[in-house]
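One structure is given below, encoded as structure tokens.
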Amino acid sequence: MKKIVVFTGAGVSADSGLATFRDSDGLWASYRIEDVCTPEALAHNRATVIGFYNMRRREMLAAQPNAGHEAIAGLERDFEVEVLTQNVDDLHERAGSSKVTHLHGELTCLRSSRNPDLVAPLDAPAPDGALLRPHIVFFGEAVPMFERAAQIARTADIMVVVGTSLAVYPAASLVRYVRPGIPIYVVDPGNPDTAGIRNPLTLIRKRAAEGMPELAALLRERYKG
Ligand code: APR
């Protein structure tokens, strides 16, 4: 059974009504990164940061997985699938994907502001007594899951990239961890930065909700069995 590694960004959740970051109506058009997504902002402007992530958590809870998430989860019927996502929503899990690695954290968790390994569900008290904080990788912070994600990317027989501008590192460099010759399929209506992709590349310039089900059918036709 071939292994598909699916690498996703905010665009895969756009069809569920969740904002991306760098589209013209994206979050960074309304909020400054330095106000809501840096350790300094959390230290000096805690209420604004907590409010930003509470707002995104409420929107996530009101959203439903879309046909793109469902097509990715459905690949598990015919392939071994691992999802590497930059997204902090839980829509891949709610669509049924069973192996999801969150590179940039999760809105469904909080963590100690002192020890990043102490992660707690949303309603738990801080296990080490420190103030809880969003379990989100802020700009300027380490990406502890990156090494695990790079190892997973190296095992791919096929890589699918959905809804990411490939603008933020180290996450975007994952496309360069697949072995030489491994095919990479990109689903995105816009212009992600594919310059770093050295492998055979197929670009499907469609929204995830339309392009991902089509790609899933193509992958089954070409690689199933
Ligand atoms: N279907 C598929 N792709 C879409 C859709 C859609 N309906 N709508 C937009 N896109 C594409 C855009 O064309 C763009 O390439 O999704 C991508 C969104 O890019 P970004 O907004 O930069 O989001 P992302 O790549 O996930 O950002 C990476 O940046 O701010 C940080 O931590 C944050 O994880 C995030 C990281």
Turns out the strands (runs of 3 or more DSSP E) fully within region 32-137 with at least 2 residues that are modelled with pLDDT of 95 or more are 80-85, 100-102, 105-112
Scanning region 178-206 residue by residue, those hydroxyl-bearing (Ser, Thr, Tyr) and over 13 Å from Val6 (Cα atoms) turn out to be Thr194, Thr202
All-but-one check, Gln86 against (1) crowded, with 16+ Cβ neighbours inside 10 Å; (2) of a type in the set (S, T, N, Q); (3) within 19 Å of His135 (Cα to Cα); (4) away from the ligand (no atom under 14 Å from the Cβ), failing number (4)
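Results for (1) over 19 Å from Lys206 (Cβ atoms); (2) under 19 Å from the mean Cα position of the chain (by Cα); (3) among the small types (Gly, Ala, Ser), shown as yes or no for each residue.
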| position | (1), (2), (3) |
| --- | --- |
| Val12 | no, yes, no |
| Thr20 | no, yes, no |
| Pro39 | yes, no, no |
| Val49 | yes, no, no |
| Arg56 | yes, yes, no |
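Please find, among Glu210, Glu214, the residue that is within 13 Å of the ligand (Cβ to nearest atom) and without any contact (Cβ under 8 Å) to a residue 24 or more places away in the chain. Lay out the reasoning, then the answer.
Working: Glu210 fails: without any contact (Cβ under 8 Å) to a residue 24 or more places away in the chain.
The unique qualifying residue is Glu214.
Give the residue that is surrounded by the most Cβ atoms within 10 Å (Cβ to Cβ), with candidates limited to residues of region 192-225 that are closer than 28 Å to Ala142 by Cα and hydrophobic (A, V, I, L, M, F, W, C).
From region 192-225, those closer than 28 Å to Ala142 by Cα are 192-199; that's our starting set.
Keeping just the survivors that are hydrophobic (A, V, I, L, M, F, W, C) gives 195, 197.
Details: Ala195: 7, Ile197: 18.
Filtering region 192-225 for residues that are closer than 28 Å to Ala142 by Cα and hydrophobic (A, V, I, L, M, F, W, C), the one surrounded by the most Cβ atoms within 10 Å (Cβ to Cβ) comes out as Ile197.
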Within region 174-206, restricting to residues that are small (Gly, Ala, Ser) and in contact (Cβ under 8 Å) with a residue 24 or more places away in the chain, the one that is farthest from the ligand (Cβ to nearest atom) is Gly196
Restricting region 170-191 to residues that are more than 18 Å from Val143 (Cβ to Cβ) and β-branched (Val, Ile, Thr), the one surrounded by the most Cβ atoms within 10 Å (Cβ to Cβ) turns out to be Val187
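The values are calculated or read from the model by the stated rules, or taken from the named source; none is laboratory data. Every value quoted in this text rests on a predicted model; they were computed, and no experiment measured them. Cβ: placed from backbone, ideal geometry, glycine included. Neighbour counts: every protein chain shown.
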